[in-house]
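J.: Structure provided below as structure tokens; questions to follow.
The values are calculated or read from the model by the stated rules, or taken from the named source; none is laboratory data. Model, not experiment: these values are computed from the prediction. For neighbour counting, all protein chains shown are included, and Cβ atoms are generated from backbone atoms with ideal geometry for every residue, glycine included. Only protein heavy atoms, including side chains, enter the accessible area calculation; ligands, DNA and RNA are left aside. Shrake-Rupley method; radii C 1.70, N 1.55, O 1.52, S 1.80 Å.
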Amino acid sequence: MTFFKDVAQVFLEIEKRSGRLEMTDLLAELFKKTSSREIDKLIYLTQGILAPPYEGIDLGMGEQFAIRAIAAVSGYPKEQVEQHYKKSGDLGLTVDEMLGKRKQLSLSREDMDIEYVYNALLKIAKTGGAGSQDLKIKHLTEMLNNSSPAEARFIVRFVLGRLRLGVGDPTILDALSVSKTGDKSLREPLERAYNVCSDLGYVAKTFFENPEKINRFIVQPFKPLQPALAERLSTPEEIVEKIGKCACEFKFDGFRLQVHKRGKEVELYSRKLEKMTHMFPDVTEAVKKLKANEIIFEGEALAYNEKENRYYSFQQTMQRKRKHGISDASKELPLNIFCFDVLYLDGKDLTEKPYRERRKTLEKIFPLGILKLPNRKIVKTWKELDKLFKKSIKEGLEGIMAKDLSAPYTAGKRKFAWIKLKKSYGKSVDTIDGVIVGYYLGRGARAEFEFGGLLVAVYNEDKGRLETIAKIGSGYSEQEMVELQKMLDDIKVEAPPAKLDFNEAQKPDFWVEPRYVIEASFDEITLSPTHTCGMDEGRGHALRFPRMLKMRPDKSIDEITTTQEVIDMYAKQGPH
Ligand code: ATP
């Protein structure tokens, strides 16, 4: 049994260190002491969650409620807690200090173990209905009554969704391997297991119950896989040079769905692995008709307008969900799913099979009703590829996907198993995906919307930091501006995001929590003294003439463009 006070002690140590190696060792030591019954819960607590994100379990506690619980436990008036918080900027620090000087001492403090803390947090999350906020506060107060100041620090941050230990999943994977073998030798199978189930707690539990099993870990329904990602190249020649003979498919600009079925039970997951089942009853019904008892497959969903015989883009497909009632939308703009990969079928994990075989399996199952099969052609030369690319553009599509016939399904990885060729490549127009970290107020004509543009950042993988790349002031429709401001208002924060490196010259009027991803186009990448992306000797990178293209609600902030990708794009622009 592991006590939460020992966990809190390790978290405190981790906070003081920033090196991955040190963090790995600290965690590995803690894992060694933990039983297979507790390990999944400890992993979730370290990740700052209660279950894998696709389960949608949210603690849903606001600052004000935590403040009330802190006041009740510490014996200080609420106003004093608030005052302290204003200075510290972190309710975790506030509760730590205030409990240290606690006015009332709790008489019946008991040591809490991991299971107790986890279950108590789960209880808070699951408390719903009328009067639920008061009950949540009561549960939190009980837990804090049993806490030492350090334990309380992490519990409060956890319930607010701000644990942020700075421990990434790769570090946890390393630590799991080290805890059992003393080295990182099992990191690879552990990572594969994680990529094919997206549930780190479950991976750890399986591993602790029987380390052998991690080498035989198989995909299973209702544990979504991290989607495989495509590399990009700029010309058909480069593609054929890279992978030779390959399968060429049209690239549909729709909405990626991962479909899981067992018997009559069906779930649909978005690219970010959020459950979308309730949004697409028409798809669920179509999937139920498949003969396979158990199946996992992926496809691109596109709304189809029969009258005009045309497909709708990603954005229009998304609007279908928002605008129409869900059932009306199915009638007016029926969805078609282009099923492009199959990952599991009736007890068999297909992810390690070459694409050639997976495609054959797909062809046995699809098409069926709205579940279509994308056309594909095997090509040997770049000319054939080019012809198909041009055809796709002529048909109003985005471009093509070239697929390596011998490649396995590369869950969670961007590999040359898939290579995309899009219409904007080769020209000067390119795009990046960035996360919004702040916004500016409008000046002049735009003032009435009080919205003047976004400060956008990309991710520096080496440093684990966000770095600014553009202030984007154009490309918005009026409606978009209003919507954006409303969304961003809800996630305003006082201080700049902790992970962000920025220059005062780009300071926005409001900072926001880095949550929303947008796609932006630009003319070229230039060097900038004030944007921090890839900053070296006073020169960072910035987008020249950046324009907002669209929101990317399907992308999480872990998927934004990296600093290295920007530096590569800059280098590709040729001599400067
Ligand atoms: P990325 O996924 O590479 O980060 P992105 O989300 O902007 O970038 P694209 O670059 O447009 O997506 O290309 C990848 C996406 O293309 C896949 O996630 C999938 O949704 C979509 N897609 C469309 N047609 C196909 C197809 N035939 N095979 C595989 N993916 C396809």
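J.: Can you tell me which of (1) closer than 24 Å to N195 by Cβ; (2) surrounded by fewer than 21 Cβ atoms within 10 Å (Cβ to Cβ) is the one V435 doesn't meet?
T.: Only one criterion in (1) closer than 24 Å to N195 by Cβ; (2) surrounded by fewer than 21 Cβ atoms within 10 Å (Cβ to Cβ) is unmet by V435, namely (2).
J.: Another question about this same structure. Take E188 and tell me if it is open to solvent by 10 Å² or more (accessible area, probe 1.4 Å) and either of a type in the set (V, I, T) or assigned by TED's automatic domain parsing to the domain that holds I400 (or both). Don't jump to the end; show me each part of the working.
T.: On the way: open to solvent by 10 Å² or more (accessible area, probe 1.4 Å): yes; either of a type in the set (V, I, T) or assigned by TED's automatic domain parsing to the domain that holds I400 (or both): no.
No.
J.: Moving on. Would you mind stating whether F65 is of a type in the set (F, W, Y) and open to solvent by less than 30 Å² (accessible area, probe 1.4 Å)? So that I can check it myself, show each step before the final result.
T.: Working: of a type in the set (F, W, Y): yes; open to solvent by less than 30 Å² (accessible area, probe 1.4 Å): no.
It is false that F65 is of a type in the set (F, W, Y) and open to solvent by less than 30 Å² (accessible area, probe 1.4 Å).
J.: For the range 336-385, how many residues meet the condition of being of a type in the set (A, V, I, L, M, F, W, C), away from the ligand (no atom under 16 Å from the Cβ) and in a strand (DSSP E or B)?
T.: Looking only at that region, the number is 2.
J.: Let me ask you something else. Can you tell me which residue is surrounded by the fewest Cβ atoms within 10 Å (Cβ to Cβ) among those in the range 253-268 that are away from the ligand (no atom under 12 Å from the Cβ) and in a strand (DSSP E or B)? Before the answer, list the steps.
T.: The initial filter retains those residues of the range 253-268 that are away from the ligand (no atom under 12 Å from the Cβ), namely 259-268.
Adding the requirement that they be in a strand (DSSP E or B) leaves 259-262, 265-268.
Working: V259: 29, H260: 25, K261: 22, R262: 16, E265: 13, V266: 21, E267: 19, L268: 23.
The extreme case among them is E265.
J.: Yes or no: the range 139-147 includes at least one residue that is within 24 Å of E13 (Cβ to Cβ) and either not hydrophobic (A, V, I, L, M, F, W, C) or not in a helix (DSSP H, G or I) (or both).
T.: Just the residues of the range 139-147 that are within 24 Å of E13 (Cβ to Cβ), to begin with: 143-144, 146-147.
If we keep only those that are either not hydrophobic (A, V, I, L, M, F, W, C) or not in a helix (DSSP H, G or I) (or both) as well, we get 146-147.
Yes, because at least one residue in the range 139-147 is within 24 Å of E13 (Cβ to Cβ) and either not hydrophobic (A, V, I, L, M, F, W, C) or not in a helix (DSSP H, G or I) (or both).
J.: Now for a different question. So, in the range 546-572, exactly how many residues are open to solvent by 60 Å² or more (accessible area, probe 1.4 Å) and touching a strand residue (DSSP E or B) at 6+ places or on another chain (Cβ under 7 Å)? So that I can check it myself, show each step before the final result.
T.: Kept after step one, since they are open to solvent by 60 Å² or more (accessible area, probe 1.4 Å), are these residues of the range 546-572: 547, 549, 553, 558, 564-565, 568, 571-572.
This time we only want the ones that are touching a strand residue (DSSP E or B) at 6+ places or on another chain (Cβ under 7 Å), so: 547, 549.
The total comes to 2.
J.: From (1) open to solvent by 50 Å² or more (accessible area, probe 1.4 Å); (2) among the acidic types (D, E); (3) touching a residue at least 60 places away in the same chain (Cβ under 8 Å), pick out the condition that doesn't hold for D134.
T.: Looking at each condition in turn, D134 falls short on (3).
J.: I'd like to verify a number: residues in the range 486-506 that are in contact (Cβ under 8 Å) with a residue 24 or more places away in the chain and assigned to a loop (DSSP other than H, G, I, E, B), how many?
T.: Residues of the range 486-506 in contact (Cβ under 8 Å) with a residue 24 or more places away in the chain: 487-488, 491, 494-503, 505-506.
Within this subset, residues satisfying the condition of being assigned to a loop (DSSP other than H, G, I, E, B) are 491, 494-499, 502-503.
Total satisfying the criteria: 9.
J.: Just to check your reading of the model, which residue among F280, F250 is within 10 Å of the ligand (Cβ to nearest atom) and modelled with pLDDT under 95?
T.: Numbers: F280 fails: within 10 Å of the ligand (Cβ to nearest atom).
None of the others qualify; the one that does is F250.
J.: Restricting to the range 269-310, give me the number of residues that are open to solvent by 20 Å² or more (accessible area, probe 1.4 Å) and assigned to a helix (DSSP H, G or I).
T.: Residues that pass the stated criteria total 7.
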